[in-house]
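What follows is a single structure, written as structure tokens, with notes after it.
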């Protein structure tokens, strides 16, 4: 049971992060704030609607109906993702990646010159 719960969490928790990263890859700088607001809004709608739907399904069909609902949602996301991949080609990277360690603001200011020299 624990192993099954682990794999369920492994597949369910990163969905929002991957969707947000993918959406931001195709958004312009002017669209990013509106995009983030829309993603949060739809995530909140799903967080409110899913328990209501799950409780209705559980009442009508029993506890396994919740897992069927979650599986149907994941299948729908996979189908939607595959369909979107066929419609639009991947975009080329916009900027060169620059690694910078997580430090305080002062350390970042002090090491900025050495990082730009590379």
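Just so you know, all these numbers are worked out from the coordinates, no wet-lab data involved. None of the values given here were measured: they were computed from a predicted structure. Every residue, glycine as well, gets a Cβ built from its backbone with ideal geometry; the counts of neighbours run over all protein chains shown.
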Checklist entry - How far apart, in nm, are the 7 Å Cα→Cβ label points at residue 38 and residue 67? => result 3.6
Checklist entry - Using 0.36 nm per residue, how much length does the chain from residue 47 to residue 98 gain when fully extended, once their Cα-Cα distance is taken away? => result 14.8 nm
Checklist entry - Say R0 is 41 Å: what FRET efficiency, to the nearest 0.05, do residue 5 and residue 85 get from their beta-carbon distance? => result 0.90
